[in-house]
Amino acid sequence: MEPVIVKPAARSTARSAVTVSAWTMVSRISGLLRVVVIGAVLGPTFFANAFLVANTVPGLVYNAMAGPVLALVLVPAMVKSVTEVGVAGSVTLVSKITGYLLMVAAAATAVLALASPLLALAVTAGIPDEAARKQAWELTMLVSLFVAPQILCYALAGIGVAVQQARGRFALAAAAQSLDNVGLIATMGLVALVYRPGLDVQDVPTSMVIMLGVGATVSTAVHAAMQVFGAYRVGLPMRPRCGWRSDPAAIEVTRRLRRSVMVAALPTVSMFAILAIAATVPGGVFVFQAAMSVYFVISALGAKAVTAASLPGLSAAVVGRDAVGFAAAWREGLSLGVTASLPAMLLLLAFTEPVASLLAQGELRDSDVVSWLSGCLVVFAVAQFAAALNETGRQALFARLDDRGPRLISIIIFPVRLAVALPCLLLPAGGYRLAGLACAVLVADVVAATLSLTKVRRAIRPERFLDRRRLVGAATATAAILPAAALGHWLVQEKVHELLPQLVITVALGSLAALCFGLVLAMMTGTLSKALGEVRARMPGGS
């Protein structure tokens, strides 16, 4: 008997993607503000490197054990479970998966705490002065101990997000992430009030390190609590339970998570290696992470919003064995991802200098830092487009319950990323080294996108792979913004060098470019004529 397909939501992928983008914009803007505040308070120092890397490691550990693949594995499983046994019957699966992941997260937390001396050694090995290196090692180890419990918080938050997405609820899952950022911003503000900004490792007191570590972890805990509430609100409370070894559905989910560890772990290991190399430049971790924050903002507002919105529909098509519907959902998701990331690439390339100047505030107001940031942003502008294609392809493979393809891709791009990153140690300790590390991300994204799209193409044959009309519309609309983008680039590079006028030009011409893009895209897709027809019909005397 064929399963009765219960769609997670009646909304279109486009509308759901807009919802995700809108609320994600709130959290990502707060995330950028968080980066700016951290840089302004800590400055281009080795202590900034130590804190940023130590505070990033719990997220990297979580990513290695489940992070980016958790929703890709859990959402299809939840859609299938709700289809077969209903929402009430799926509570047990959620509880057992929560129990399993919390057990793994607790073990990872203990390992991170025990490994903190080695972690600190890897981060501080590039500091030339022996006394500063020893002090930085001690501070990094201390921060690591205080932030290690964040792994548990990330696990709870990740499950809550996946459960909400499976039920077609996206707003709270996207918006709640801003709580983590707001909490850390408040912590940095308190540090700036109590201590002198710009302290390096020789002058940082232990009380300041404790304040930073506790504040960062509490902020993550608040975010996790809100995602747990979101899961409860959609009728799937996360009550940790044992017994996942005796539940066939839970066994399948945990098995797929274990098989997908390579998909998450290898990029995480390579990213830690990149951060360790960036730490050899004073303030280098901040510069690299600030540039990557912009990369993640564009990805979150574009490709990740689209994949979050389209994954439940793709999963429902797989459960219903609807090859035509799956292919249609794939084409829509790919088109929306390209439509979001292509103009973003062009605008970021045009306005890298004012974006870099805006990020480098307070103790980071330095021409070299702005130059380093600009170079990294140029590379990441292109990388985010490749990442969007890879993210879209990867979520389609996971929706088809294919974890082998993404796993092979991760195995392939791991040495690619390291092969580009490690030689960067031979470059001068400054902008060239950091731009080289950004190129490591770009090359890996391009290779991953090529491989994932190839695998999806093979999977959906003989169905059509591309919606050429939508893609041509996106390309044409992007071309329409070239005049405004080129004018803005010329002004901020050649004529205007003060930050405030640059920002005014960026906002004005960026808005004009976005308007041109929207109008041309509406004309190319027929949306504009339809909207005008509806307006005429509502006017007095309209038919």
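Values quoted throughout were computed directly from the atomic coordinates according to the rules given, and no laboratory measurement underlies them. Everything quoted here is computed from the prediction, not taken from an experiment. Neighbour counts run over all protein chains shown; Cβ positions are idealised from the backbone, glycine included.
Overview of results
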{"quantity": "Net charge contributed by nearby residues that have their C-beta within less than 14 Å of Gly235 (K/R +1, D/E -1)", "calculated": "+4"}
{"quantity": "Kyte-Doolittle mean at least 1.6, axial Cα span of 15 Å or more - DSSP H helices of the chain", "calculated": "67-114, 261-278, 284-301, 499-525"}
{"quantity": "By average C-beta atoms within 10 angstrom, highest first, the peptides 146-157, 423-434", "calculated": "146-157, 423-434"}
{"quantity": "Cα→Cβ-extended label distance, 7 Å offset, between Ile210 and Ala486, nm", "calculated": "6.1"}
{"quantity": "Relative contact order (percent, whole number), the chain, Cα cutoff 8 Å, 6+ residue spacing", "calculated": "21"}
{"quantity": "Per-pair calculated FRET efficiency, R0 = 30 Å: Val222 and Ala110 via Cβ, rounded to 0.05", "calculated": "0.85"}
{"quantity": "Ratio of Rg to Rh over the stretch 31-123 (Cα coordinates, Kirkwood Rh, two decimals)", "calculated": "1.15"}
{"quantity": "12 Å beta-carbon shell around Ala132, net charge (K/R +1, D/E -1)", "calculated": "-3"}
{"quantity": "Per-residue [θ]222 nm for the chain (sum of -39500 (n - 2.57) over DSSP H runs n ≥ 4, rounded to 500)", "calculated": "-27500 deg cm²/dmol"}
{"quantity": "Cα gyration tensor shape of the stretch 14-169, rounded if a/c is under 1.5, else prolate or oblate by comparing a/b with b/c", "calculated": "oblate"}
{"quantity": "Ellipsoid semi-axes in whole angstrom, largest first, where each is sqrt(5λ) of the Cα gyration tensor of the stretch 133-241", "calculated": "34, 14, 9"}
{"quantity": "Cβ-based net charge around Leu275, under 14 Å, with every Lys or Arg adding one and every Asp or Glu removing one", "calculated": "+2"}
{"quantity": "Taking Lys455, Lys495 and counting other C-beta atoms within 10 Å, the order from fewest to most", "calculated": "Lys495, Lys455"}
{"quantity": "Viscosity 1.567 mPa s, temperature 4 °C, Stokes-Einstein D of the stretch 319-469 from Kirkwood C-alpha radius, µm²/s", "calculated": "75"}
{"quantity": "Spacing of the two label points (7 Å from each Cα toward its C-beta) at Leu515 and Arg259, in nm", "calculated": "5.2"}
{"quantity": "When the stretch 111-164 is reduced to its Cα atoms, the Kirkwood hydrodynamic radius in Å", "calculated": "12.5"}
{"quantity": "Average silhouette area of the chain, convex hull of alpha-carbon atoms, in square nanometres", "calculated": "26.8"}
{"quantity": "Length released on extending from Leu500 to Ala88, taking residue separation times 0.36 nm less the Cα-Cα span", "calculated": "142.8 nm"}
